[in-house]
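The values are calculated or read from the model by the stated rules, or taken from the named source; none is laboratory data. All figures in this text were calculated on a predicted structure; none of them were measured in a lab. Cβ placement follows ideal geometry from the backbone for every residue including glycine, while neighbour counts extend to all protein chains displayed. In case anyone asks, the SASA skips ligands and DNA or RNA and just uses the protein heavy atoms, side chains included. Shrake-Rupley method; radii C 1.70, N 1.55, O 1.52, S 1.80 Å.
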Amino acid sequence: MMTLPRRKFLHLAAGAAALPAVTRLANAQTYPTRQITLIAPWPAGGAIDALCRIMAPGLAERLGKPIVVENRPGAGSVLGVAVGARAAPDGYTLTMAGSGSLAIGVTLNKSMPYDPLRDVVPIAFTGYIPFILVSNPALPVQSVADLISYAKANPGKLSYASGGPGSPHHLLMEMLKLMTGIEMTHVPYKGSAPALTDVIAGHLPLLFSDTIPSLPMIREGRVRALGVSTAQRLPSAPDIPPIAEVGLPGFDASGWGMIVAPAGTPNEIVDKVHAAVWDVAALAEVRQQIVRLGMVPATSPPPDKLQSMIRSEIERWAKVIRQAGLAGSEG
């Protein structure tokens, strides 16, 4: 049997090992050559599904290939993000992930089927999802400052509704409690809609509500808006002040959306998709549609900065979740 000289063998072996990297680079340079799937990890008809469908046509136009939105709901969006994380790292499967699946769930859940810092690569930030702190008009407070004073003067007497344990409505109120030292009793509901209904009816005095259902109730005087959860005012309701401006400096929290890809996706593909999202998100008609969803449009930082943002959000929400005694309570 003929054998190769050692030097030639090593040279050939090194060349063979380099082939996958060369292939990946070639694929990245010609990307995309076929249809791209954008996973929406929530049911059809929801805000995240709508956001995907708002972004998809513009992305398809800029990338030159169709973008198909695929709904993969389950486990509070964790299931869909897990499917996306396990896909081939070739840029043909993207996921519209969010604060729940990339930050909050890390501490809230007993375990996660992926590591948000290792198993996905962030591509582009798509917007903030703010909430409005509302009260029943019978509660004798006109502002967040009034609420804090009232709660301190009446310890243990206030209660608040939420869309369920570990929901954004719950965690935002726990953050408010943590920052002010006030005590309130949590009353969880199966969803934010029935929670808002009971605040309107006067069964409970307070709720961090989703923006879309609460704005008509605010305008009709059926609930009172005490403040918005973000430091930035809502484009759809600029008259509602940020909580940080009316009693609690430094309060700035929201949900958010972010397009991610499986870890190992070539940088050339990440940068190409990031640039396409940047262009689409800057379109006036797209920004208007995002505002109508109750979101705040945002210009995305570069992908490397987004990784730091995810890490920071994991740490920030972990403190709130542990303070609330919710660590490992889900999943």
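A few comments on the model shown:
- Matching helices (runs of 4 or more DSSP H) fully within segment 59-159 where at least 2 residues are open to solvent by 30 Å² or more (accessible area, probe 1.4 Å) and within 28 Å of Pro213 (Cβ to Cβ): 144-153
- Within segment 305-331, considering residues that are touching a strand residue (DSSP E or B) at 6+ places or on another chain (Cβ under 9 Å) and acidic (Asp, Glu), the one most open to solvent (accessible area, probe 1.4 Å): Glu330
- Residue count, segment 176-216 (criterion: aliphatic (A, V, I, L, M) and open to solvent by 50 Å² or more (accessible area, probe 1.4 Å)): 5
- The numbered conditions (1) aliphatic (A, V, I, L, M); (2) farther than 20 Å from Thr93 by Cα; (3) touching a Phe, Trp or Tyr at 6+ places or on another chain (Cβ under 8 Å) are all true for Leu306 except (2).
- Conditions (1) within 23 Å of Pro297 (Cα to Cα); (2) open to solvent by 10 Å² or more (accessible area, probe 1.4 Å); number of the one not met by Leu234: (2)
- Pair list, Cβ under 6 Å, 6 or more apart: segment 59-83 residue under 17 Å from Asn109 (Cα atoms) and touching a residue at least 40 places away in the same chain (Cβ under 8 Å), other residue open to solvent by 50 Å² or more (accessible area, probe 1.4 Å) and among the acidic types (Asp, Glu): none
- Considered as a group, the residues in segment 267-304 that are among the polar types (S, T, N, Q) and closer than 18 Å to Pro57 by Cβ include one that is least open to solvent (accessible area, probe 1.4 Å), and that residue is Gln289.
- Test result for Val106, of a type in the set (A, V, I, L, M, F, W, C) and farther than 15 Å from Ile243 by Cα: yes
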